[in-house]
Amino acid sequence: MIKAAILDVDGVLTYFRSAWQHLHRVLGTDDWASINREAYKAGLINYRDWALVDALLWMDVPRTWIEVSITLRKGALELLKFLKDNGVLVIAVSGGLNYTGIPIRDYVNYFVSNELIFDEDGSLISVKVNVENKNIIHELINELGLDWDYVMAVGDSDMDLPMLRRARYSIAYNPVSEEVANAARIVVNSNTLYPIIDIARAILTG
């Protein structure tokens with residue numbers, strides 16, 4: 001029985017693995033962003049500082065340019081709808097940015113991500129870091145009074161390791177590393193999310 005499903009967004013519900021990099025490519029700021037990424041990887045700045053200096057590259061950019069339309073992975077909305085229709089609490093979590101939540105907001109109960117902050121005129125002024133790591137999901141699960149034995153988690157990256165290790169029904173979807181694959185009970189390699197629907201259906205009806 002599944003009472004809640006936690007789904008990573010970047011790389012699972014979307015084809016791109018990073019909402020940050022995707023937006024940099026759209027806005028033409030990827031060259032500068034690569035300098036920030038290297039500084040973070042080298043330990044010269046922490047995650048929150050990296051997020052801030054990255055967002056500064058989009059300062060004063062209109063909201064309509066930043067909240068770009070995105071293509072969800074094939075089967076994404078069908079998966080979310082299937083879970084909700086079967087009474088499963090759907091939690092989407094992203095280490096990326098909140099613009100990725102726009103196309104799925106009507107299909108999830110909770111969407112947790114970092115937030116771009118805009119002023120009254122619709123220009124970007126800052127970023128709020130909510131997801132430095134996905135331990136935040138542990139806090140949400142506890143607040144909701146849920147048991148990990150009734151949770152399905154789907155993720156692809158190292159950031160998803162905490163929830164993949166805790167959830168009873170853990171699925172590594174196109175995992176980026178052996179560590180991610182080994183942390184899950186099931187490994188799925190597919191370009192669509194239809195196999196995840198089949199797994200969820202089998203669990204719910206089994």
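Quick check: anything in region 55-76 open to solvent by less than 10 Å² (accessible area, probe 1.4 Å), closer than 30 Å to GLU143 by Cα and out of contact with any strand residue (DSSP E or B) (no Cβ under 6 Å at 6 or more places or on another chain)?
Looking for residues that are open to solvent by less than 10 Å² (accessible area, probe 1.4 Å), closer than 30 Å to GLU143 by Cα and out of contact with any strand residue (DSSP E or B) (no Cβ under 6 Å at 6 or more places or on another chain), one finds at least one in region 55-76, hence yes.
Within region 68-83, track down each residue that is modelled with pLDDT of 90 or more and either part of a loop (DSSP other than H, G, I, E, B) or aromatic (Phe, Trp, Tyr) (or both).
Within region 68-83, ILE70, THR71, ARG73, LYS74, GLY75, PHE82 qualify.
Is it the case, given these coordinates, that VAL151 is touching a Leu at 6+ places or on another chain (Cβ under 7 Å) and in contact (Cβ under 8 Å) with a residue 60 or more places away in the chain?
When the stated conditions are applied, VAL151 does not pass them.
Would it be correct to say that ASP160 is within 12 Å of the chain's Cα centre (by Cα) and among the acidic types (Asp, Glu)?
Spelling it out, ASP160 is indeed within 12 Å of the chain's Cα centre (by Cα) and among the acidic types (Asp, Glu).
Restricting attention to region 139-151, does a residue exist that is under 17 Å from VAL12 (Cβ atoms) and under 17 Å from the mean Cα position of the chain (by Cα)?
yes
Search region 173-184 for residues that are crowded, with 16+ Cβ neighbours inside 10 Å and pair each with any residue that is among the β-branched types (Val, Ile, Thr) when their beta-carbon atoms are under 7 Å apart and the residues are at least 6 apart or on different chains.
TYR173/VAL12; TYR173/VAL154; TYR173/VAL188; TYR173/ILE196; PRO175/VAL187; ALA181/VAL187; ALA184/ILE171
Residue-by-condition table, conditions (1) within 30 Å of ILE199 (Cβ to Cβ); (2) among the β-branched types (Val, Ile, Thr):
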{"residue": "GLY43", "(1), (2)": "no, no"}
{"residue": "TYR47", "(1), (2)": "no, no"}
{"residue": "LEU52", "(1), (2)": "no, no"}
{"residue": "ILE70", "(1), (2)": "yes, yes"}
{"residue": "ASN86", "(1), (2)": "yes, no"}
{"residue": "LEU97", "(1), (2)": "yes, no"}
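Report the residue count in region 118-133 for those that are farther than 16 Å from GLU67 by Cβ and in contact with a strand residue (DSSP E or B) (Cβ under 6 Å, 6 or more places away or on another chain).
Here the count works out to 3.
When region 106-141 is examined, which residues are found to be assigned to a loop (DSSP other than H, G, I, E, B) and either closer than 22 Å to VAL61 by Cβ or open to solvent by less than 20 Å² (accessible area, probe 1.4 Å) (or both)? Lay out the reasoning, then the answer.
Going through region 106-141, the residues assigned to a loop (DSSP other than H, G, I, E, B) turn out to be 106-109, 119-122, 129-135.
Residues satisfying the conditions are VAL108, ASP119, GLU120, ASP121, GLY122, VAL129, ASN130, VAL131, LYS134.
The values are calculated or read from the model by the stated rules, or taken from the named source; none is laboratory data. Since the structure is predicted, the reported quantities are computational estimates derived from the model, not experimental observations. Neighbour counts are summed over all protein chains in view; Cβ atoms, including those assigned to glycine, are modelled from backbone coordinates with ideal geometry. All accessible areas refer to the heavy atoms of the entire protein, side chains included, with ligands and DNA or RNA removed. Shrake-Rupley method; radii C 1.70, N 1.55, O 1.52, S 1.80 Å.
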